[in-house]
Amino acid sequence: MTNSRQIAFIALRDVHKGAYTDVALDRALQKANLSDIDRRLVTELLYGSVRRQRTLDFIIDQLAKKKSHQQPTELRSILHLGLYQLRYQERIPASAAVNTTVELAKDNGFAGLTGFVNGLLRQYIRLAEASPDFLELPENPVERLGILHSFPDWIIKVWWEQLGLTETEKLCEWMNQTPTLDLRVNPLLASVAEVETALKSAGVLARPIPHLPQALRLIGNNGSIQKLPGFSQGWWIVQDASAQLVGHLLDPQPGEVIIDACAAPGGKTTHIAELMKDEGKVWAGDRTASRLRKLKENAQRLNLHSIEICIGDSRNLPQFYDVADRVLLDAPCSGLGTLHRHADARWRQTPESVQELSMLQKELLAHTSKFVKVGGVLVYATCTLHPAENEEVITEFVAGNSDWQIEPPRPDSPYSAYTTPQGWLKVWPHNQDMDGFFMVRLRKTNVSE
Ligand SMILES: C[S@@+](CC[C@H](N)C(=O)[O-])C[C@H]1O[C@@H](n2cnc3c(N)ncnc32)[C@H](O)[C@@H]1O
């Protein structure tokens, strides 16, 4: 049987056994010959079931005698797929969700438990029809939000401390959406209007994004990215709106020397080269060779020649001391601002991994700041929404280095919507409808300690 639900099941089973969601999806899709519509269904069922894992487990715990984690792994995966469709996929008729899930059980070694699967799903339908709020949620507001929107309690706490309860709930809802796709047009090869027209002629609608001169947001679901017009000609690259803000905040100028210290796969490196009209030098440093190969492919496709690759740990590159007009440190982070794109990230990160990342970020900042000439600029950015990786890193750095100052964007700049009183920029996705990001521009003065 190679139907889309069986493919989704194979991928979800692999995720429940420890695989990364995108890797499991690619592997399962490669073995199947599915139409674009079916591929989209598999992707939606898999990503949705992984995101909503905590809620789905809670429902099983409430409806079955055995807790979800006591169920055989593969049966748990099958139940997740069925419940996900019933709870979150209004377009799929309940009868289709139940019947296909029972079939999955039959075809995957649970023929003797089809009655249990059928009974549990039908009980869910009955209870949900009687009262959509039938889940017996705990009183504790953190746990309550965590179960209802499927996040670990520690993430809810981190956001709650910054936003309060109502806003945190909005952010959780935003992070459970299917992500949108933004393009960044390469102005050296095409204009935004040309790309918009080419996409339209292929039946794909796109709209510009305010304040971002190179951005287009695709409207609706699209098939393979590589098949969209202009891809092979290097007219555009996929990059979220908030990631595009980072390049503009750095504001690189033609002829300058720029070091992008954590560059791969090159979304921002290529933006920097475009903004410099491909004149000058962009050093693209990263410690991961496989990701740097991707950077090279991107630079070649976009026909950019000013980029030079440097493999290694950016905490140990003394040859770059005092050479750069500008440095970008787009630091490795916990990715709490892009949880909608990486379905399993909320289950992989932990408070401990955040502490380790925070230390690495502080070390990277201490070293890469030495690359900047006096008078030059460093932009520190992350796609996370955790203060230990953002505010704390910058506050500590500025307090310990009196020759560095935060340089807030001008009040009349397009960044004013994101600028905080401290001078750094924070993009909250539920307010700005783009990935969560933190970014700050620092300037090196000639006043030393
Ligand atoms: C957030 S990603 C960079 C994304 C990239 N700037 C872009 O826009 O496409 C962080 C990168 O930091 C790299 N990295 C992690 N630790 C590093 C280190 N000590 N030195 C250099 N690169 C490092 C990772 O390999 C990863 O590619």
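The values are calculated or read from the model by the stated rules, or taken from the named source; none is laboratory data. Keep in mind that this is a model prediction, so the values were computed, not measured. Ideal geometry is used to build each Cβ from the backbone, glycine not excepted, and the neighbour counts take in all protein chains shown. We work out accessible area using only protein heavy atoms, side chains counted, and drop any ligands, DNA or RNA first. Shrake-Rupley method; radii C 1.70, N 1.55, O 1.52, S 1.80 Å.
Tallying residues that are within 19 Å of Ser413 (Cα to Cα) and either open to solvent by 40 Å² or more (accessible area, probe 1.4 Å) or within 9 Å of the ligand (Cβ to nearest atom) (or both) within segment 249-270 yields 2.
If the condition is being within 12 Å of the ligand (Cβ to nearest atom), more than 19 Å from Ile406 (Cβ to Cβ) and buried (at least 19 other Cβ atoms within 10 Å of the Cβ), then segment 343-366 contributes only Leu357.
Does Leu304 satisfy being away from the ligand (no atom under 12 Å from the Cβ), farther than 24 Å from Pro408 by Cα and open to solvent by less than 10 Å² (accessible area, probe 1.4 Å)? Before the answer, list the steps.
On the way: away from the ligand (no atom under 12 Å from the Cβ): yes; farther than 24 Å from Pro408 by Cα: yes; open to solvent by less than 10 Å² (accessible area, probe 1.4 Å): no.
Judged against the criteria, Leu304 is not a match.
Name the single residue, out of those in segment 275-301 being within 17 Å of Pro332 (Cα to Cα) and in contact with a strand residue (DSSP E or B) (Cβ under 8 Å, 6 or more places away or on another chain), that is most open to solvent (accessible area, probe 1.4 Å). Only one residue fits best here, namely Arg287. Evaluating Asp251 against the criteria (1) in contact with a Pro (Cβ under 9 Å, 6 or more places away or on another chain); (2) within 23 Å of Arg441 (Cβ to Cβ); (3) of a type in the set (D, E, K, R) leaves one unmet condition, (1).
Summed over segment 262-283, the residues that are under 20 Å from the mean Cα position of the chain (by Cα) and not in a helix (DSSP H, G or I) give a count of 5.
Regarding Lys373, is this residue in a helix (DSSP H, G or I), farther than 29 Å from Val23 by Cα, out of contact with any Ser or Thr (no Cβ under 7 Å at 6 or more places or on another chain) and of a type outside the set (S, T, N, Q)? Give the steps one after another, and end with the answer.
Working: in a helix (DSSP H, G or I): no; farther than 29 Å from Val23 by Cα: yes; out of contact with any Ser or Thr (no Cβ under 7 Å at 6 or more places or on another chain): yes; of a type outside the set (S, T, N, Q): yes.
When the stated conditions are applied, Lys373 does not pass them.
Does segment 140-149 contain at least one residue that is more than 20 Å from Ser49 (Cβ to Cβ), of a type outside the set (Phe, Trp, Tyr) and part of a loop (DSSP other than H, G, I, E, B)? Taking every residue of segment 140-149 in turn, at least one turns out to be more than 20 Å from Ser49 (Cβ to Cβ), of a type outside the set (Phe, Trp, Tyr) and part of a loop (DSSP other than H, G, I, E, B).
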